[in-house]
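Read-outs throughout are calculated quantities, based only on the coordinates presented, and are distinct from any laboratory measurement. Just so it is clear, the structure is predicted and the values come from calculations on it, not from any experiment. Reconstructed Cβ throughout: ideal geometry from the backbone, glycine too, with neighbour counts over all protein chains shown.
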Amino acid sequence: MDDKKINFRKENIQAFAKVLLFYVCTIIILISTSHLSKKLSKQNVDFISVLLAILATFFVIVLFVKWDRISFAYIGMKPDIFTLKRLFSGFIIGLLLAIFQALIVMAFGHLKLIMNPKVHLGTVVFSLFFYLLIAIREELVFRSYVLRTLDNKFKAVFALSVMIVLFIFEHVLAGTSWKMSIIGSGLGGLLFGVAALKTRGIALPIALHTAWNFGQWITGFKNQSGSWYTIVDKGYEIQTENVGLGAFVFVMILTIYIISSKKITL
């Protein structure tokens, strides 16, 4: 009995160490591709960087899958008959979340959305594809090998907690404030993690992630002008920001509850 417990603990420690090693590898990849993309091109640097990071991250996943002697299905990366349905439904849900947040903030007043005449169809398509790449890269890093390995070796709560901490840490490294990383990335990571565990795949979280970022860009909530841009009444900047944060927390918690519900099939 003691030998079994020792072996079990040893296996868990090794699995946790591999997860951390995997994450360190992805950080090295992200930093390296960022520097490399700047040397390769002066235009679309972020686009090239993310694309290279996806390719390199996928290669690392292949290495770890072979190392652990597991399958892509084990970490939720094997497409099935529900993949297209989850991509479609996830994209619709993600867009609705972004729109719902914007409507809540506007309902409190002091914020207006103005159509941006400088944004054309080509810009919209490029932005959509860019946010898709960002979502793919982050879901490969956080909701495939990391989350599923921890979930299979430990409990789901522990797996989600570790994944969220790493997700927050990366956004802090990227320059996001601790406040926005903990609230924004924390709740976002929880939503995408719950979606990944519920469906045992990354199709739904990729679609949710893409649509959420794209929807925020469209509505001007990405700190940059999208298809619309925001105008806040003078003197109400802090109040509007707090309302926006509160609306974000509300829509995220509500969606997490709905997706995690046993009555919902995705």
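Laid out as a table, the results:
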item: Local electrostatic count at ILE29 - Lys and Arg +1, Asp and Glu -1, tallied over other residues with Cβ under 14 Å; result: -1
item: FRET efficiency, 1/(1 + (r/R0)^6) with R0 35 Å, evaluated for HIS120 and SER71 via beta carbons; result: 0.20
item: Length-normalised contact order of region 73-260 in % [C-alpha pairs under 8 Å, at least 6 apart]; result: 40 percent
item: Identified option (computed Cα extents along the principal axes in Å; candidates (i) 68, 48, 38; (ii) 53, 39, 34; (iii) 71, 60, 36); result: (i)
item: Computed lengthening from PHE129 to VAL45, 0.36 nm per intervening residue step minus Cα-Cα distance; result: 28.8 nm
item: Pairs of lysine residues in region 73-260 - Cα separation under 18 Å, sequence separation of 8 or more or cross-chain; result: 8
item: Neighbourhood net charge (13 Å Cβ-Cβ; Lys/Arg +1, Asp/Glu -1) for ILE134; result: -2
item: Nearest 10 degrees, 0 to 90: helix 203-218 Cα axis against the chain principal axis; result: 20 degrees
item: Cβ-based net charge around ILE93, under 14 Å, with every Lys or Arg adding one and every Asp or Glu removing one; result: +3
item: 0 to 90° range, to nearest 10: angle between helix 156-173 axis and the chain longest Cα axis; result: 50 degrees
item: Residues TRP217, TRP212 arranged by fewest to most Cβ contacts within 10 Å; result: TRP217, TRP212
item: Sequence of HIS171, HIS110, HIS209, HIS35 once ranked by neighbouring C-beta atoms within 10 Å, starting from the fewest; result: HIS35, HIS110, HIS171, HIS209
item: Those aspartates and glutamates that a straight Cα-Cα span of less than 15 Å connects to LYS10, excepting residues fewer than 8 apart in one chain; result: ASP2, ASP68
item: Exposure proxy order (Cβ contacts within 10 Å, fewest to most) of MET77, MET163; result: MET77, MET163
item: Phi-based couplings in Hz for region 26-39 (Karplus 6.51, -1.76, 1.60; Gly and Pro marked x); result: 5, 5, 4, 4, 4, 5, 5, 5, 5, 5, 5, 5, 5, 7
item: Tensor-based shape of region 22-123 (alpha-carbon gyration tensor, a/c under 1.5 rounded, otherwise prolate or oblate); result: oblate
item: Global form of region 107-166, assessed from the alpha-carbon gyration tensor, a/c cut-off 1.5; result: oblate
item: Helix axis angle, 121-140 relative to the chain longest principal axis, alpha carbon, degrees; result: 30 degrees
item: Peptides ranked, highest mean first, by Cβ atoms within 10 Å: ranges 58-66, 198-206; result: 198-206, 58-66
